Amino acid sequence: MLKILRRYSSLFLLSGALGQELDESHQKLLQMSIYDLMQIKVTTANKKEEKIDEVPASVIIITRKEIAEKGYTTLPEIIEHIPGIFKVDDYYWLGSQNFGVRGFFSTGPMNNLIILVNGVNQLSDKYSDYPDVKINVPVEAIDRIEIIKGPMSVIYGSGAFFGAINIITNKLEEGSQPGLFSASFGSLNTSQLFFRKQYRVQNFEYVLNAGYYHTDGIEAAFSKMTSDLSILESVGLTEDATIKGQKTEGQTFVGLYLKDKDFYADFSVTENNKGVFDGQPNLKSGSILTTNAYNIVMGYHYDFHEKWKSEIKAGMYKHGHLLNYEVFFKNYYETDAQHTHSFDIEWNNFFQPDEKMEINLGLYQRTVMQLYQFSDFGYYNVKFGGGEIGLPKDTHYSSQSVYTQVSYTINDRLKLLGGVRLDHTPEYPMHYSRGYARLNGNNGLIDTTNYRVDIQETYQPDNHGFTTVSRAAAIYHFDKSVLKLMWGQASKQPSYTENYRQLPGGYPFPEVAEINTFEINYLSSFLKDFNLNISLFYNTLDNLISTTNIYDSETGEWDIFSYSSGKQRTLGTELDLSLLITEKAEIKFDLMVQQSKDLRKGYEDIKPGYSPHLLGSFALLLHPTEDLSLAASARYIDKIYTVWRTVTTPQEGSRLGNALNPQYLLDLNLRMDPLFNSHFYAMIKVKNLLDIERRYPTTTSNSWADKGTLGEPRTCSLTIGTKF
């Protein structure tokens, strides 16, 4: 399919547009009050349909209509526009972009929000994270996104520190066109193709989505990202060397959803090829990561009784990558291959003994059948090392969970809710084997002495692997408004990788990270055409897991290990409001203000890294005619400090890299739908209109970029699509 898409990509101009024709309910979303929106049902919060005003969490919905009007072109672009979230692209060696949430950030791919696609968990088993290069959902396929803020571990288990994001691609809307094809082309040699076909007859329906994306990426001088030019010289680069061609990316996605009455199946295949950096600047041709993932999930809804509804589903997941390096030294080669294979089974039950009480009960098990990493490296085509890491052959490990949640309606206005989850992560075996001949400093010579590490170890978690988390909430309804008082716990187990990294250095295993959150959420439409959604949150985080990458340029060796870094406290508020000025104009505004504090001894007066005090956005949406829309979206990202590195005492430490000054970003999008009363539509999108030099903060993944890594300059794209 990829060859077909590439063959015909030159015939079209751009993709990014959103395809199905909007039905009447979508068209009315612009004019809905908060009260009307609260009646919309979401499925992410408690794994069953519930109105927003009944959900014990702060809820944000991004509709297909909003995605179309604002002209979003990639999934990471949508996520970074969610209130309270900011993006970090540190050129991470696994390819994924990461996001800070409510004043907290951890290096690597996203690992503090559960990401689902049609309710299917997109977990990467080796790192217990959610890399966007594994998910790859085209924005044209997205019918809506449900964002549930707050700790969600009672419902989703380990890792749901700050909530869950559910990307829905299988909603068939009445009156929408069954087919869509779009194509696009833009700056940085960016091109996209997308195809969608949906069908429904009686109880049977299907939705097919397929997409392709390519970009050459940015071109920027290494000297704009590092102040130490000797680093470039050490790997054979000149002072004027650039990353041209080293940030390329190509994506393919195919997803098929089938449903026949109470049975459903969800299939997806993704592939991503992306240029990455692993701790040092690349040589000219760069390092390429190829990621692929296969998900197969089948489920069945069954009503045992009018008061007992049940759903059982099972899934099989494969995820792997192949990384071809060109780093460290000229004429050096290295490859790294990783593969995981797992399956899970989940049984959710929903009881309603009477009109006032509802009970949720769920059982879950995930089994990792294979987890394997292989590396091979050499110099001047002479192999001098390699390694194997992962589960020993013919072994596996499983984790089990049980949760329950009870809600009780006191009267027409007041509802109470409580829940608890018990997780069990048993001990599991780990194999770590690496052997190499040492490179002698920066001269590229080989010391033939054999340095081999060969370790067999068993991870034995504290408390025999059992952890519990709880939540409680009270929801009070006023006239056309609602107040939610919430408390919740969440936990995050150290991943398989965070544990095996400890073996070579003999470091202790990290402890389970924990969070406690108190939150007040208020939704109201106290004036006509003026909607307000405001949250006040207080988080305390303990045993936060951090990873340190230390590269010794004299020996050419890495020391990578994880540790429980201590405590952090965050107090903040999120404000989201919209104002319908006229039937043809709307204003949307959101703001997050937060203050985080490092509670470790000696760090009280040191500002936490990657914790901007203020994030905000403003959007003006205009509809001069029925077929024309114009959106201007502005974002503000406050000053960002990098992590504090301690030498012997906190006071003797320093920042990893430069602090980033506040950034202001402006995007414009013009959309005509339909185009000249035809079945076609068109969209012109300009990102970073003011051509601000976008920077992301330095992280331990690429600490050489002490000035920060660079983002996209001003870009422009054109989309043409047709509905059939």
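We did not get these values from a lab; they are worked out from the coordinates using the rules stated. Keep in mind that this is a model prediction, so the values were computed, not measured. Ideal geometry is used to build each Cβ from the backbone, glycine not excepted, and the neighbour counts take in all protein chains shown.
Values computed for the structure shown
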item	result
The chain, dipole about Cα centre (Lys/Arg Cβ +1, Asp/Glu Cβ -1), debye to the nearest 20	460 debye
CD proxy at 222 nm, helix term only [per DSSP H run n ≥ 4: -39500 (n - 2.57); per residue of the chain; nearest 500]	-1500 deg cm²/dmol
Integer Hz, Karplus 6.51/-1.76/1.60 couplings in order for the range 596-612, x for Gly and Pro	9, 9, 7, 8, 5, 5, x, 10, 4, 9, 9, 5, x, x, 6, 9, x
Neighbourhood net charge (12 Å Cβ-Cβ; Lys/Arg +1, Asp/Glu -1) for Ser124	0
Net +/- balance of residues flanking Gly609 in space, Cβ distance below 10 Å, scoring K and R +1, D and E -1	+2
Kirkwood hydrodynamic radius of the range 683-724, from inverse mean 1/r over distinct Cα pairs, in Å	12.7 Å
Fraction of the pair-distance distribution of the range 567-651 above 23 Å, Cα-Cα pairs, percent	46 percent
For Gly653, distant residues with modelled amide H under 5 Å away	Val647
Sites Thr404 and Trp347, calculated FRET efficiency, Cβ-Cβ separation with R0 22 Å, nearest 0.05	0.95
Charge dipole (the range 2-723, unit charges on Cβ, about Cα centre) - positive-most of Val368, Ser398, Ile345	Ile345
The range 561-708: proportion of alpha-carbon pairs further apart than 23 angstrom, %	55 percent
Vicinal HN-Hα couplings computed from phi for the range 388-396 (Karplus, 6.51 cos²θ - 1.76 cosθ + 1.60; Hz; Gly/Pro x)	9, 9, x, 5, x, 4, 6, 10, 7
Under the Karplus curve 6.51 cos²θ - 1.76 cosθ + 1.60, θ = phi - 60°, whole-Hz ³J(HN,Hα) for the range 457-462, x wherever Gly or Pro sits	9, 10, 7, 10, x, 5
Net charge over other residues, Cβ less than 15 angstrom from the Cβ of Ile288 (K, R count +1; D, E count -1)	-3
The range 2-723 - Rg over Rh from alpha carbon coordinates, Kirkwood radius	0.95
Bins of 10 Å, starting at 0 and running to the largest distance - Cα pair percent for the range 576-621	23, 31, 20, 16, 9, 2
The range 644-724 - Rg (one decimal) and Dmax (whole number), Cα, Å	21.1, 70
Of every Cα-Cα pair in the range 68-134, the percent that sits beyond 19 Å	32 percent
